[in-house]
Amino acid sequence: MSKTRVTTTAAANIALVKYWGKRDGPGNQPATPSLSIGLDDLRTTTNLQFAERDKDQVEFEGSEKADRRIVSFFDLIRDQFNIEQHFRVATQNNFPTGAGLASSASGFAALAIAINELIGLNLSESQLSSLAMQGSGSASRSVAGGYMEVVLAKQSYARSILPARRWPLSVFVAVTSENQKAIGSTEAMQLTARTSPHYQDWVSSHESDMSDARDAIERRDFTKLADISEQNCLKMHAAIMTSTPPILYWNAATIELMGITRELRNGGVPAFFTIDAGPQVKIICPPDSADKVKGAIETINGIKQLIETRVGGDPTIESE
Ligand code: PMV
């Protein structure tokens, strides 16, 4: 049954084995699978209702916005589910937007969940994940919390590998710039695929990274997960940096944070880093190392904000 108003939240996620590259055709179908953790406290809140006029209305952080990606997503919903209504959506993030902190992941996941509830589509979790993917590839992994993996198919989707409570690792998000990134992920992926000499190696080594990471999670083998995650992240950035023209997402604090994480690990404190399409560094550690890791991160200059969270991120839904 359809509702009149729905409020959802979905959490951002970070990939430990990353998605970078799309297959040809529509719908953000990824060239490679990926594996992620949900970030419990980094959330998008989305309020959705049917519009009174024959026009979609998008409000972002309290101001009306002509957002082409959201309106195209509504067009796709009308087309796929054969409905005529338009929507009014208000959305806000409790973390910096468009700066490489997966705001499109939490945003499109919260929206897909809200649409499912408002229209009463009764989609399964994998159908919901496929739908969110059509808004943003990484959003497919935010329709549930915890450890998620993307399965490649004609319509790819994400599924749960392990619930967060079974391995509740701590996560620090060190925001080193609050500016929007210079080049968005879709455009940067196309450039990398077209021009980087490392792109084919990136794609062909992916399956083995996926199985190593999955195995590390199933066995709760932190050292193995640390090694594979850092290597996969650096492989992605190596491909990105060697595009023509080159794309460099990092700044000085990004590099310092990678160094301090390595130092911690060499000194026996378990911790590893990962970095998405931006200069922010996420550092993951077991909860009993969190104080030491935080102390070390705080010695680095250039951190604008340090967010402490944990693996989690189950979505929430309220409706009237
Ligand atoms: O979903 P998009 O288009 O924002 O791309 C996400 C790309 C990375 O964050 C760099 C990697 C990933 O798997 O999330």
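The values are calculated or read from the model by the stated rules, or taken from the named source; none is laboratory data. Model, not experiment: these values are computed from the prediction. Neighbour counts run over all protein chains shown; Cβ positions are idealised from the backbone, glycine included. Remember, those area values only see protein heavy atoms, side chains included, never the ligands or the DNA or RNA. Shrake-Rupley method; radii C 1.70, N 1.55, O 1.52, S 1.80 Å.
Could you count how many residues in region 72-98 are among the aliphatic types (A, V, I, L, M) and at pLDDT below 95?
Total satisfying the criteria: 1.
Hey, can you tell me all the residues within region 223-239 that are of a type in the set (A, V, I, L, M, F, W, C) and either modelled with pLDDT under 95 or over 16 Å from Ile14 (Cβ atoms) (or both)?
Selection gives Ala238, Ala239.
Out of all the residues in region 117-136, which are out of contact with any helix residue (DSSP H, G or I) (no Cβ under 8 Å at 6 or more places or on another chain) and of a type outside the set (S, T, N, Q)?
Step one: filter region 117-136 for residues out of contact with any helix residue (DSSP H, G or I) (no Cβ under 8 Å at 6 or more places or on another chain), giving 117-118, 120, 124-127.
Answer for region 117-136, where residues must be out of contact with any helix residue (DSSP H, G or I) (no Cβ under 8 Å at 6 or more places or on another chain) and of a type outside the set (S, T, N, Q): Glu117, Leu118, Gly120, Glu125.
I'd like to know if region 99-111 contains one or more residues that are away from the ligand (no atom under 16 Å from the Cβ) and modelled with pLDDT of 95 or more.
Within region 99-111 (the criterion being away from the ligand (no atom under 16 Å from the Cβ) and modelled with pLDDT of 95 or more), the answer is no, since none of the residues qualifies.
Quick check: is even one residue across region 52-60 part of a strand (DSSP E or B) and open to solvent by 60 Å² or more (accessible area, probe 1.4 Å)?
Within region 52-60, none of the residues are part of a strand (DSSP E or B) and open to solvent by 60 Å² or more (accessible area, probe 1.4 Å).
Taking the stated definitions as given, is Ser156 surrounded by 24 or more Cβ atoms within 10 Å (Cβ to Cβ), within 14 Å of the ligand (Cβ to nearest atom) and not β-branched (Val, Ile, Thr)?
no
Checking the structure you have, find out if any residue of region 113-122 is farther than 28 Å from Ala216 by Cβ, within 14 Å of the ligand (Cβ to nearest atom), touching a residue at least 40 places away in the same chain (Cβ under 8 Å) and out of contact with any strand residue (DSSP E or B) (no Cβ under 6 Å at 6 or more places or on another chain). Lay out the reasoning, then the answer.
In the first step, residues of region 113-122 are kept if they are farther than 28 Å from Ala216 by Cβ; the result is 113-122.
Now restrict to residues that are within 14 Å of the ligand (Cβ to nearest atom): none.
Scanning region 113-122, I find no residue that is farther than 28 Å from Ala216 by Cβ, within 14 Å of the ligand (Cβ to nearest atom), touching a residue at least 40 places away in the same chain (Cβ under 8 Å) and out of contact with any strand residue (DSSP E or B) (no Cβ under 6 Å at 6 or more places or on another chain), so the answer is no.
Could you say which residue among Arg69, Arg88 is within 14 Å of the ligand (Cβ to nearest atom), farther than 16 Å from Arg141 by Cβ and of a type in the set (D, E, K, R)?
Arg69
Can you give me the ranges of the strands (runs of 3 or more DSSP E) entirely in region 271-317 with at least 1 residues that are in contact with a helix residue (DSSP H, G or I) (Cβ under 9 Å, 6 or more places away or on another chain) and buried (at least 24 other Cβ atoms within 10 Å of the Cβ)?
Ranges flagged: 272-274, 281-285.
Could you check, for region 74-83, whether at least one of its residues is more than 21 Å from the chain's Cα centre (by Cα) and either in a loop (DSSP other than H, G, I, E, B) or closer than 30 Å to Lys304 by Cβ (or both)?
Yes.
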